[in-house]
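Taking it in order: structure first as structure tokens, then the write-up.
Read-outs: derived from the displayed coordinates by stated rules, not from any lab. Quick caveat: nothing in here was measured; it's all calculated off a predicted structure. Neighbour counts are summed over all protein chains in view; Cβ atoms, including those assigned to glycine, are modelled from backbone coordinates with ideal geometry.
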Amino acid sequence: MFFASDNSGPVPPQVLTALAEANTGYAMGYGADAEMAEVTARIREIFEAPEAAVFLVATGTAANALALSTLCQPFETIFCTPTAHIHEDECNAPEFYSGGAKLTLVPGAPGFDDKMTPEALRATIAKEETRGVHGPQRGPVSVTQVSERGTIYSLTELQALAAVTKEFDLPLHMDGARFANAMVALDCTPADMTWKVGVDAVSFGGTKNGLLGVEAVIFFDPKHAWEFELRRKRGGHLFSKHRYLSAQMLAYLTDDLWRDNAVKANDNCAYLAQGLRRTKAPFLHEPQANMIFAALPRATHQRLFDAGAAYHLWDGPLDGDPQEQVAARFVCDWAIEKQQIDQFLALITQPE
């Protein structure tokens with residue numbers, strides 16, 4: 001009954017097999033391994049981008065921070081939502097790796113802070129560069145797909161945001177830690193959700209979807225390649241035994257494992273959501289991929305935790321009025337079994 005995060009689950013056997021196969025003999029280091037050449041070719045094919053520059057790093061924070069630092073000067077600002085991972089959960093890594101660029105928060109629609117609107121983005125961008133040399137200059141826009149509240153930007157919404165960035169001649173970055181979950185939910189192709197709607201760079205997540213620890217950074221304009229190479233090395237994120245990153249990503253891309261894992265995770269989430277609806281649990285956001293925000297009484301949370309369930313409370317402590325509703329976040333990965341979800345739901349409906 002583990003719903004704390006999709007980065008906590010097991011690794012598919014295909015990935016472990018690929019690592020064992022890569023662990024024979026010798027291979028060139030620092031990304032010159034044969035596996036990396038194949039990874040690059042496959043990502044270019046999957047994204048329908050034959051000239052894309054492709055790089056691997058071990059963490060999502062490194063992927064976002066290094067990608068944004070490549071797109072951003074230190075005297076610029078990065079536009080993102082208040083709930084963006086780069087704002088709330090990366091310990092100022094984008095600011096650090098960019099050499100001091102700040103983050104400017106773009107408000108969402110009233111009552112929602114997980115997705116920015118074109119109107120709010122345009123207004124926020126317009127407010128910058130109004131103080132000449134004394135203020136930050138306009139820099140890249142970063143969107144999170146799936147958002148940190150489990151919602152998804154539609155292709156139309158992404159296209160509208162990209163149109164605003166182009167008005168100001170700014171690059172658009174996508175934090176795609178849960179890229180595959182969003183893509184299968186939208187029933188579109190990787191190209192449809194990136195460069196075809198105006199995305200310039202994407203952090204293509206693997207860790208939250210079954211890998212040990214590897215993310216791809218993709219620039220659709222290869223002019224950024226050399227600068228990223230230098231920043232990755234200078235930032236301490238160029239692996240010498242790079243083949244072990246490549247082997248993971250290659251297994252991920254083989255036989256649609258990346259897509260299949262996302263389908264399983266989303267299906268598990270839909271199954272959990274259906275069960276929670278039967279309990280009349282109120283939802284904070286409509287779940288669209290593999291993440292749910294819903295409220296339960298404190299007494300129910302206590303019973304679930306006592307039984308060994310793992311998830312995060314979101315807007316209040318466990319102590320207090322046992323009947324008061326407290327929101328929590330539940331995340332499904334590819335590996336959780338329906339039996340575990342049923343066990344979890346049975347505990348919710350168990351009489352006090």
> So who's got an amide H within less than 5 Å of the one on residue 326, skipping anything under 5 residues away but keeping other chains? H placed 1.01 Å off N, in plane.
Replying inline: 296, 298
> Whole-Hz Karplus ³J(HN,Hα) for the stretch 67-72, in order, using 6.51 cos²θ - 1.76 cosθ + 1.60 and θ = phi - 60°, x for Gly and Pro?
Replying inline: 4, 5, 5, 6, 8, 9
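If the only charges are +1 at each Lys and Arg Cβ and -1 at each Asp and Glu Cβ, what is the size of the charge dipole of the stretch 259-349 around the Cα centre, to the nearest 20 debye?
Details: 9 positive and 11 negative charges, 49 e Å.
Charge dipole, the stretch 259-349, about its Cα centre: 240 debye, nearest 20.
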>> Please list, in order along the stretch 125-131, the HN-Hα scalar couplings obtained from phi with the Karplus expression 6.51 cos²θ - 1.76 cosθ + 1.60 (θ = phi - 60°), rounded to whole Hz, x for Gly and Pro.
In response: 4, 4, 6, 8, 6, 9, 10
> Mean residue ellipticity at 222 nm from the helices of the chain, using -39,500 (n - 2.57) per DSSP H segment of n ≥ 4 over the full residue count, to the nearest 500 deg cm²/dmol?
Replying inline: -12000 deg cm²/dmol
>> Using a 4.7 Å cut-off between beta carbons, which cysteines in the chain end up with no partner cysteine at all?
In response: 72, 80, 91, 188
>> Need one word for the stretch 183-242: rounded, prolate or oblate. Basis is the Cα gyration tensor (sqrt eigenvalues a ≥ b ≥ c); a/c below 1.5 gives rounded, then a/b vs b/c decides.
In response: oblate
> Pulled fully out, how much extra length does the chain show between residue 255 and residue 349, if you take 0.36 nm times their separation in residues and subtract their Cα-Cα distance?
Replying inline: 29.9 nm
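Are there trypsin sites (Lys or Arg not before Pro) in the stretch 194-287 that DSSP puts in a loop and that have at most 16 other Cβ atoms within 10 Å, and which ones? Provide the component values of the computation, followed by the final result.
Numbers: sites: 196, 208, 223, 231, 232, 233, 234, 241, 243, 259, 264, 277, 278, 280; in loops: 241, 280.
Here the sparse-neighbourhood loop sites are 241, 280.
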> Between residue 45 and residue 20, 0.36 nm times their residue separation minus their Cα-Cα distance comes to what?
Replying inline: 6.4 nm
>> Taking the beta-carbon count within 10 Å as an exposure proxy, list 226, 258 from fewest neighbours to most.
In response: 226, 258
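Using the Cα centre of the stretch 125-259 as the reference point, and only Cβ charges (+1 on K/R, -1 on D/E), how large is the resulting charge dipole? Debye, rounded to the nearest 20. Before the final figure, lay out the partial values.
Details: 16 positive and 16 negative charges, 112 e Å.
About 540 debye.
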>> Roughly how far apart, in whole Å, are the Cα centres of the stretch 202-242 and the stretch 100-148?
In response: 25
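Could you list 24, 61, 349 in order of exposure, starting from the residue whose Cβ has the fewest other Cβ atoms within 10 Å? Each step should come with its number before you reach the end.
Values: 24 7, 61 21, 349 10.
The fewest-first ordering by Cβ neighbours comes to 24, 349, 61.
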> How many lysine pairs are close in the chain, with Cα atoms under 24 Å apart and the two 8 or more places apart or on different chains?
Replying inline: 20
